1. Quick one: in the range 276-293, which of the residues that are among the aliphatic types (A, V, I, L, M) and within 24 Å of Arg154 (Cβ to Cβ) is surrounded by the fewest Cβ atoms within 10 Å (Cβ to Cβ)?
2. If you check Gln239 against the conditions, is it surrounded by 11 or more Cβ atoms within 10 Å (Cβ to Cβ) and under 30 Å from Ser337 (Cα atoms)?
3. Determine the pairs where a residue that is over 18 Å from Ile31 (Cα atoms), located within the range 124-135, has a partner that is at pLDDT 85 or above and outside any helix (DSSP H, G or I) with Cβ atoms under 7 Å apart, the partner being 6 or more residues away or on another chain.
4. Quick check: anything in the range 139-151 surrounded by 12 or more Cβ atoms within 10 Å (Cβ to Cβ), charged (D, E, K, R) and closer than 20 Å to Pro28 by Cβ?
5. Somewhere in the range 207-216, is a residue exposed (fewer than 10 other Cβ atoms within 10 Å of the Cβ), of a type in the set (D, E, K, R) and either assigned by TED's automatic domain parsing to the domain that holds Val170 or in contact (Cβ under 8 Å) with a residue 12 or more places away in the chain (or both)?
6. Give the number of residues within the range 106-157 that are part of a helix (DSSP H, G or I) and β-branched (Val, Ile, Thr).
7. Could you say whether any residue in the range 331-350 is surrounded by 11 or more Cβ atoms within 10 Å (Cβ to Cβ), of a type in the set (D, E, K, R) and modelled with pLDDT under 90?
8. Go through the range 148-204 residue by residue and tally those that are touching a helix residue (DSSP H, G or I) at 6+ places or on another chain (Cβ under 7 Å), without any contact (Cβ under 8 Å) to a residue 60 or more places away in the chain and not small (Gly, Ala, Ser).
Amino acid sequence: MHINKVAKELRLVEHAKGELTNILDAIPALIALIDKNHTIVRLNKAMADVFGVHPRQLVGKKCFELCHKEKKIPPSCPHKKVLEKGMASTSEIYEENLGGYVEVTATPYRDPDGSIIGSVHVVKNINERKRAKEEKEEIMRQLLNAQKLEEVGRLAAGIAHEINTPSQYVASNLEFLKESFKDISELVDRCSALLKGLERGQVDQNLVGETTHVLEDVDWDYLKEELPEAIDQAQEGIQRVSKIVRAMKEFSHPGPKEKILQDLNKIIETTVTVSKNEWKYVADVQLDLDQGLPPTYCLGDEIGQVILNMIVNAAHAISESLGENPEQKKGLIKISSSTFGVNFSENVRDNILK
């Protein structure tokens, strides 16, 4: 009787093991039980099918050698994280041997006393999810670029006006320099003729009189003061035009698809420049930018769009507040940037910025 009972219990155990195996093999996700030594103890059919062999052929192999084709444990190993932290770990990785993009969830596997003796890995193929996410992000990028182009079109008239003003006084100063050059050229020609006469020991009094007359007409004392100022103004005008064009190019140019280190101060300054015609009649803009601000991981396009919206909204709010404004009063838009008030370690700071 006792032998029959034991035999019956053994059959039940074998039946339960068979059912468990059938259940695991019916699950489409890749499942593997891995011990503390990174050795595969059990895996389901879906996992074995990825490698084109029977599950029994993979039992006893090192998981990192099989899945990652590595001779040593990689730093990002989810099994390693479970053993170190004693808690479940989920991560998305790209692993060609597992079919591309996969989501790996590693859960602690414990013995009856509660100590961790390994982990259970559940690996899901997320290629379709990843592709859908990338398509959605691409659509969002295209929408953002369309919004930027719409903003560029809306700001175009104001930007043209901003360029036109310095261009006009550059043109005026160049015209002044052109006319002054003609007068100075005539004066230099007269002086050259006088010098040649002196070299020959002859002084033509008529030429002296003509030179004196030209000198008076040129008004050299006036030109001596005005010419440097005209040159400075022309240079300033060109610099202003260059700044506006450069800002417009930076603002309208599609940014990178991924977050990268960017200079927030530069994004702010660029956006203020391209939006000047939106605020200059109703407000002054005061920048208080921390020059020690570190580069920040971000999407520059989106940050620039947010800042533009804030500036335009502020300008509209000030305009509504001022009303008719016969006294030509102006409001103030203040934009500031600053670093954290706490000194973080470099690693902590980088993680926060990310």
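1. Leu287
2. The answer is yes for Gln239.
3. Sorted first by the residue in the range 124-135, then by its partner, the pairs are Lys130/Tyr101.
4. Of the range 139-151, the ones surrounded by 12 or more Cβ atoms within 10 Å (Cβ to Cβ) are 141, 144-145, 147-149, 151.
Then keep just the ones that are charged (D, E, K, R); that gives 141, 148, 151.
Keeping just the survivors that are closer than 20 Å to Pro28 by Cβ gives none.
No, the conditions are met nowhere in the range 139-151.
5. Looking only at the range 207-216, we keep the residues that are exposed (fewer than 10 other Cβ atoms within 10 Å of the Cβ), and these are 216.
Restricting the remaining residues to those that are of a type in the set (D, E, K, R) gives 216.
Going one step further and asking which of them are either assigned by TED's automatic domain parsing to the domain that holds Val170 or in contact (Cβ under 8 Å) with a residue 12 or more places away in the chain (or both), we end up with 216.
Looking for residues that are exposed (fewer than 10 other Cβ atoms within 10 Å of the Cβ), of a type in the set (D, E, K, R) and either assigned by TED's automatic domain parsing to the domain that holds Val170 or in contact (Cβ under 8 Å) with a residue 12 or more places away in the chain (or both), one finds at least one in the range 207-216, hence yes.
6. Adding up the residues that qualify gives 2.
7. Yes - at least one qualifying residue is present in the range 331-350.
8. Residues in the range 148-204 being touching a helix residue (DSSP H, G or I) at 6+ places or on another chain (Cβ under 7 Å), without any contact (Cβ under 8 Å) to a residue 60 or more places away in the chain and not small (Gly, Ala, Ser): 11 in total.
The values are calculated or read from the model by the stated rules, or taken from the named source; none is laboratory data. This one's a predicted model, so the numbers in the text were calculated from it and none came from an experiment. Quick reminder, even Gly has a Cβ in these numbers, built from the backbone with ideal geometry, and neighbours come from all protein chains shown.
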